[in-house]
1. Give me the number: length gained by fully extending residue 183 to residue 281, i.e. 0.36 nm times residue separation minus the C-alpha to C-alpha distance, one decimal in nm.
2. Using mean Cβ contacts within 10 Å as the protection proxy, how do 60-68, 363-371 order, highest first?
3. So for the pair residue 313, residue 157, with labels modelled 7 Å out along Cα→Cβ, what separation do we get in nm?
4. Using only Cα atoms, find the angle between the long axis of helix 362-378 and the longest principal axis of the chain, and express it within 0 to 90 degrees, rounded to the nearest 10.
5. Using mean Cβ contacts within 10 Å as the protection proxy, how do 186-197, 326-337 order, highest first?
6. For the residues 320, 358, what sequence is obtained by ranking on other C-beta atoms within 10 Å, fewest first?
7. Please arrange 23, 374 by how many other C-beta atoms lie within 10 Å of their C-beta, fewest to most.
8. Give, in nm to one decimal, the length gained when the segment between residue 340 and residue 42 is fully stretched (0.36 nm per residue of separation minus the Cα-Cα distance).
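We did not get these values from a lab; they are worked out from the coordinates using the rules stated. Keep in mind it's a predicted model, so treat the numbers as computed, not measured. Here the Cβ is made from the backbone with ideal geometry for all residues, glycine too, and neighbour counts use every protein chain on show.
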Amino acid sequence: MAKMTGIEVSLAIAEAVRQSEVDVVSAYPITPQTHIVERLAEMVADGELNASYITVESEHSALSACIGASLVGTRVFTSTSSQGLALMHEIMYLASSLRCPIVMALANRAISGPLSIWNDHSDVMGERDTGWISIFSNNGQEAYDLTLMAFKIGEHKQVLLPVMINFDGFLLTHMVEPIFLFNDSEIKDYLPLYDPPYKLDPKNPVTMGSVGLPEIYTEAKKQQDLALRNSIAVINDTFKEFKERFGREYNTIETYRADDAEVVIVMQGSIFEPIQIAVDEMRNEGFKVGAVELRLWRPFPFDELNSSLEDKKAVVVLDRAMSPGGPQGPVLSEVRSSMYLEKKRPMIIGVLAGLGGRDIMLSQFKEIFNIGYDALKTGNEPEMAKIVGLRE
């Protein structure tokens, strides 16, 4: 039986990793994810976790070590943030193309410059095309639960892909929340030990990661793309099993009072909960508004998102990362692309907010909803996203 306790979210993630009985942890400390790997190092040193903890000189080396450990058939975990993820960038592609089911906890933090240790989503957006499954959590309970599910998803024999769990830096990492932690026996029953279908073994030599000549490269990338797209079925099945076993429901798209809404805001991460206050207040004022969380970023949940948005009048996409020189928001680009061929396509408007950890106030959430209503009045869908809270 799960027991509720007040615990820092980073430490709850470390507890999920311990309960998952990982074999190898390789990571490098960087704010604001450091508490996760510090706690895991303590667990290994104190004998609470029977795993190898590989101390490395950089995040580039950390992920490289994870790939080597995964290829010999072990369950592997790492964690990073911001510039650390950027330093991993070269190796991110290898982890997915080599089909390594590594799990990464990504404490989302702004990318320099200027230097910022605070939260936005610019780090994960830079890794959009590296071939990783990418899932967002919006509170500590979800970060804990999704870390457990990540091993189940990535190691599934129909998937075999790395998984990153995104959770907002400082807004979640350093927060103490009431979280239901499972007993070890419950997780042992839920998540069996990893049984790799392929691995490097001197007794049965195979080649992995060989040169992709032009005659095979395209086909190899196509297979990788199909594996990522098809993983959505396993993700949905894992969410369903988790609900049946433990009672908490997860979906690729989460909604709040959106069924009959005229204007909805689409967003990711921890702001999905505070925006519900704005929704309730505006509903009391007579506005039919709602919120939609894009929990699954890759593979992109086209069908689920389109069905949740197709009957809306206006969709305001709130990005917490900038795409310089483009339409200003990566999520805006994805949502517009997803809805492009829909016959009943709503107006799609972009806004940027919360960059570099700037607070998004309740009044600004309401302002964002009103941007959607203003677009309906004028009939004009702006090409560029508006930056909310920009100081002149």
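1. 31.4 nm
2. Peptide ranking by packing, descending: 60-68, 363-371.
3. 5.3 nm
4. The angle comes out at about 60 degrees.
5. In decreasing order of mean packing, 186-197, 326-337 become 326-337, 186-197.
6. Fewest-to-most ranking of 320, 358: 358, 320.
7. Result, fewest neighbours first: 374, 23.
8. That works out to 102.3 nm of additional length.
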